[in-house]
Amino acid sequence: MKNEPSFKRLQGAILAIQDALTPTERLIASYLLEHPRSVALMPIQELASRLEAGPASIIRVMQKLGYKGYSELKRDLQQELRGNDSPLERFKLALDRRTDLDFSDIHAIASQEMDNLRTTLERVDSASLAQSVKLVSRASLVYTAGVGISSHLASLATFVFQHIGLRAFLVQHTGLNLAEQLVSIRKQDVLLAFAFPPYSSQTIEGAALAKAQGASVIGITNQILSPLAEHCDVVLVAKTDSSAPSNSLSAPLLLIHAIASAVASAKRRQSSKAIETTISLRNRKP
């Protein structure tokens, strides 16, 4: 269990003993799962105040979960948070250490891409993926949003969803910020948001607004502790490590195509008709 990502370790420990927890202990455990990023940075006294529970109760829950204490849990979660450096910053550090051109970089990049895909497949939460498919299938309108390289992912998701017959709208980074473009989002709509280090405050604010409006929010991000995750109904984690100047897109693209394929299967008649229309338009002679 120690070799698992910190949040996965916490989640597994809580699920294993949840039936043996008292009502107060369940409240504490639920907060740990719902707000892991906040917990990683929060003193035990503040957590106790928020939950109206004594520090002793929190420590007792920690011990039942297999931690020596609250400090060990915070240290584990903080370690996971340290993976949030910008890929451009990491690339700059590596560039400063170089002395000449090295064509072996292509092999390093390819190896990293394969590891990203393999790790994402190993850690994908099938229940979260199924919930994402259900939400997208039932949505009246699917909004997609992201800033920087994530905007390209949002654009591709919109392109794919429209091709299988869904109503999808790309929230673009224009004169209006993302949140301003989401003021009309409704309860029956879904926001698919993308955020990777460095996390865009606009995307996070947009997700928070969509959530406040009653819409469902699906987040595709690099870890369950990312600031986007706190505003999502469903979080899909994609490993995006890269030795290049930007985050890797391979794993997020995998999740986009997985959702689209499953939705198309669930809405086979509608998707088939939309695809036939697209093919017919492409085959028309100019």
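The values are calculated or read from the model by the stated rules, or taken from the named source; none is laboratory data. All of these numbers come straight from a predicted model, not from anything done at the bench. As a convention, Cβ positions derive from the backbone with ideal geometry for all residues, glycine included, and neighbour counts pool all protein chains shown.
Things worth noting here:
- Spans of helices (runs of 4 or more DSSP H) in segment 39-101 with at least 1 residues of a type in the set (Asp, Glu) and modelled with pLDDT of 80 or more: 44-51, 70-81
- Exactly one residue among Pro227, Pro197 is in contact (Cβ under 8 Å) with a residue 12 or more places away in the chain, assigned to a loop (DSSP other than H, G, I, E, B) and in contact with a Gly (Cβ under 8 Å, 6 or more places away or on another chain), and that residue is Pro197.
- Any hit, segment 156-178, residues being free of Cβ contacts under 8 Å to residues at least 40 places away in the same chain, within 27 Å of Arg269 (Cβ to Cβ) and of a type in the set (A, V, I, L, M): yes
- Residues in segment 18-38 that are outside any helix (DSSP H, G or I) and either loosely packed, with under 15 Cβ neighbours inside 10 Å or in the same structural domain as Asp233 (by TED's automatic domain parsing) (or both): Thr22 alone.
- All conditions in (1) surrounded by fewer than 22 Cβ atoms within 10 Å (Cβ to Cβ); (2) assigned to a helix (DSSP H, G or I) hold for Val263, with the sole exception of (1).
- Taken together, the residues in segment 246-260 that are over 12 Å from Val160 (Cβ atoms) and part of a helix (DSSP H, G or I) amount to 4.
- Residue in segment 154-166 that is surrounded by 18 or more Cβ atoms within 10 Å (Cβ to Cβ), among the polar types (S, T, N, Q) and in the same structural domain as Thr278 (by TED's automatic domain parsing) present: yes
- Looking only at segment 221-245, and only at residues there that are more than 9 Å from the chain's Cα centre (by Cα) and modelled with pLDDT of 85 or more, the one that is nearest to Ser132 (Cα to Cα): Asp233
- Check on Ser6, surrounded by 15 or more Cβ atoms within 10 Å (Cβ to Cβ) and under 28 Å from Val234 (Cβ atoms): yes
- If the condition is being part of a helix (DSSP H, G or I) and either of a type outside the set (S, T, N, Q) or outside the structural domain of His163 (by TED's automatic domain parsing) (or both), then segment 266-279 contributes Ala266, Arg268, Arg269, Lys273, Ala274, Ile275, Glu276, Ile279.
- Flag for Phe169 being closer than 29 Å to Ile106 by Cα, out of contact with any Asp or Glu (no Cβ under 6 Å at 6 or more places or on another chain), part of a strand (DSSP E or B) and in the same structural domain as Val142 (by TED's automatic domain parsing): no
- Answer residue from segment 206-220, given it is more than 8 Å from the chain's Cα centre (by Cα) and of a type outside the set (A, V, I, L, M, F, W, C) and is surrounded by the most Cβ atoms within 10 Å (Cβ to Cβ) among those: Gly206
- Set Gln11, Gln45, Gln63: member being out of contact with any Lys or Arg (no Cβ under 9 Å at 6 or more places or on another chain) and either in contact (Cβ under 8 Å) with a residue 60 or more places away in the chain or surrounded by 14 or more Cβ atoms within 10 Å (Cβ to Cβ) (or both): Gln11
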